[in-house]
Amino acid sequence: MKPSSALKPLVFALAALMAVAAQATQPPPTTPHTTPPVIYYGYDSGATAGVADAQNSNHNGVINGGTHNNATVNESIKGSEGNVGVNVASGSGNQQDNAVAIATSDESFVFSTATAWTSANQTSSFNGALNVGSTNNALLNNSANGSEGNVGVNIAAGDFNQQKNNLAIAVSGGRVATAGTGASQTSNNLLVVNESSLSLVSSNWYYPVYVSTPVTNNATMNSSFNGISGNGGANIASGVGNQQNNSLSIAAGCKVCM
C-alpha cells in the first residue's frame with residue numbers, strides 16, 4: 001500500500017476540520033454604516049492539541065487458582081470510518097488506553113502553525129501474581145476489516161498488562177506543522193509464579209489417577225485488519241506484566257509557502 005493512499009481517509013477528515021477552522025476565521029457580514037472588525041493574522045495564529053496520560057500499577061498481588069480469563073473481540077468494528085478505539089480486558093490490574101490529538105490551523109497567513117502531540121507513561125512495579133492451573137486467552141477474530149481512518153484495538157487477558165495506542169496529527173495552512181508522540185514503559189520487581197494444578201480423576205484402593213493442568217496463555221490475531229486503509233494498531237497480550245504501545249505522528253505543512 002502506498003503511503004499516499006493509506007493516509008487518504010485521514011486527509012479527508014482533516015480537510016473537513018480545516019474547512020471549519022477557515023470558515024470560523026471569516027469576518028461577519030457588515031452593513032454600509034458599520035465598521036468591520038479587525039482580524040490580525042500573525043505568528044501566534046495556530047492550533048495546538050495534546051494528550052498526556054500516565055498508567056501506574058504498583059504494589060498489587062493476584063492469586064489465580066484454576067482461573068479462566070478470556071478477552072475476545074469477534075466480528076466487530078468492520079467497515080468503520082474515522083477514529084475507533086476498542087479496549088477489552090479480562091483478569092486483574094490491566095490498563096488500556098487510546099489517545100488521539102488532532103490540530104489544524106487556517107491558511108490565511110503563511111506563518112500559521114499547527115502542533116499535535118501525545119505522551120504516555122506506563123509503570124508496573126512491585127506486583128506479584130501466582131497462577132495455578134490458570135488459563136488466559138486473548139483473541140482478535142475477524143474484526144476491523146475494511147476500516148478506514150484510525151483504528152486502535154487493545155486486548156488483554158491475564159494480570160497487570162498495559163497497552164496504549166497514540167496518534168498525533170498536525171495540519172497547517174502555513175509553513176510550520178509539528179506532530180510528536182512519546183512513550184515510556186517501565187516494569188521492575190515483578191514476580192510471577194506459574195504452577196500446574198493436580199486434580200483427582202479417579203481412584204481405587206491401589207491406583208489413584210491425577211491429571212496435571214498447566215498454566216496456559218494464548219494470544220491470537222486471526223483474519224483481522226484485512227483491507228484496512230489508514231492507520232491500524234492492535235495490541236494483544238495474554239499472561240502477566242506485558243506492555244505494548246503503538247505510536248504514530250503525522251505533520252503536513254504548506255508546500256507553496258516554503
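The values are calculated or read from the model by the stated rules, or taken from the named source; none is laboratory data. Computed from a prediction, not measured in an experiment: that's the story for all the values here. Neighbour counts are summed over all protein chains in view; Cβ atoms, including those assigned to glycine, are modelled from backbone coordinates with ideal geometry. For accessibility, only protein heavy atoms count, side chains too; no ligands or nucleic acids. Shrake-Rupley method; radii C 1.70, N 1.55, O 1.52, S 1.80 Å.
Counting residues that are under 17 Å from the mean Cα position of the chain (by Cα), which strands (runs of 3 or more DSSP E) fully inside region 122-165 reach at least 2? Please lay out each step first, then the result.
Details: elements: 128-132, 135-141, 148-159.
In region 122-165, 135-141, 148-159 are the strands (runs of 3 or more DSSP E) which contain 2 or more residues that are under 17 Å from the mean Cα position of the chain (by Cα).
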Exercise for the section: List the number of the failed condition for residue 100; all other conditions in (1) open to solvent by 40 Å² or more (accessible area, probe 1.4 Å); (2) modelled with pLDDT of 95 or more hold. Expected result: (2)
Practice task
Would you be able to say whether some residue in region 177-192 is in a loop (DSSP other than H, G, I, E, B), open to solvent by 70 Å² or more (accessible area, probe 1.4 Å) and either free of Cβ contacts under 8 Å to residues at least 24 places away in the same chain or not charged (D, E, K, R) (or both)?
Solution key: yes
Problem - residue 89 open to solvent by less than 40 Å² (accessible area, probe 1.4 Å) and either assigned to a strand (DSSP E or B) or more than 29 Å from residue 180 (Cα to Cα) (or both) - result: no
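So that you can scan it fast, the table gives a plain yes or no per residue for (1) of a type outside the set (A, V, I, L, M); (2) within 21 Å of residue 51 (Cα to Cα); (3) touching a strand residue (DSSP E or B) at 6+ places or on another chain (Cβ under 6 Å):
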| site | (1), (2), (3) |
| --- | --- |
| 145 | yes, no, no |
| 148 | yes, no, yes |
| 167 | no, yes, yes |
| 175 | yes, no, no |
| 182 | yes, yes, yes |
| 188 | yes, no, yes |
| 191 | no, no, yes |
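So that you can scan it fast, the table gives a plain yes or no per residue for (1) of a type in the set (Phe, Trp, Tyr); (2) touching an Asp or Glu at 6+ places or on another chain (Cβ under 9 Å); (3) within 30 Å of residue 65 (Cα to Cα):
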residue	(1), (2), (3)
125	no, no, yes
141	no, yes, yes
145	no, no, no
148	no, yes, no
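Table: residues versus (1) over 25 Å from the mean Cα position of the chain (by Cα); (2) of a type in the set (Gly, Ala, Ser).
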site	(1), (2)
116	no, yes
173	yes, yes
178	no, no
182	no, yes
186	no, no
194	yes, no
199	yes, yes
220	no, no
Practice task
Just one of (1) open to solvent by less than 40 Å² (accessible area, probe 1.4 Å); (2) of a type outside the set (Ser, Thr, Tyr); (3) at pLDDT below 95 trips up residue 71, so point out which.
Solution key: (3)
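Are any residues in region 238-258 surrounded by 14 or more Cβ atoms within 10 Å (Cβ to Cβ) and not polar (S, T, N, Q), and if so, which ones?
239, 240, 241, 248, 250, 251, 252, 253, 254, 257, listed by residue number.
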Handout entry: Options 204, 235; residue that is modelled with pLDDT of 90 or more and either surrounded by fewer than 18 Cβ atoms within 10 Å (Cβ to Cβ) or of a type outside the set (Gly, Ala, Ser) (or both)
Key = 235
Practice task
Kindly indicate the residue of region 54-68 that is open to solvent by 40 Å² or more (accessible area, probe 1.4 Å) and either in contact with a His (Cβ under 9 Å, 6 or more places away or on another chain) or part of a strand (DSSP E or B) (or both) and also modelled with the lowest pLDDT among those meeting that condition.
Solution key: 54
